[in-house]
1. In region 1-35, which residue that is closer than 17 Å to residue 52 by Cβ and surrounded by fewer than 10 Cβ atoms within 10 Å (Cβ to Cβ) is modelled with the lowest pLDDT?
2. Of the conditions (1) within 12 Å of the chain's Cα centre (by Cα); (2) farther than 19 Å from residue 69 by Cα, residue 45 satisfies every one except a single condition; which number is it?
């Protein structure tokens, strides 16, 4: 038995879909002090990079095996 997925449907990962939907919502002015995500979306750097490019504060859940890279002090600032 086949799924019969239409030819025009393009495969996208959960992270890519979340990135696209979040970018659309934020672009349309959805109010958001910050974005929180599940560990699934932090494994793809495209999602946090999109948020950083928008200047959107966020917090990502990460796996215990996730490598951390510390940012320079100037990248951290308090928004007022």
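The values are calculated or read from the model by the stated rules, or taken from the named source; none is laboratory data. Since the model is a prediction, treat every value here as computed from it, not as a measurement. Here the Cβ is made from the backbone with ideal geometry for all residues, glycine too, and neighbour counts use every protein chain on show.
1. Here the residue is 33.
2. (2)
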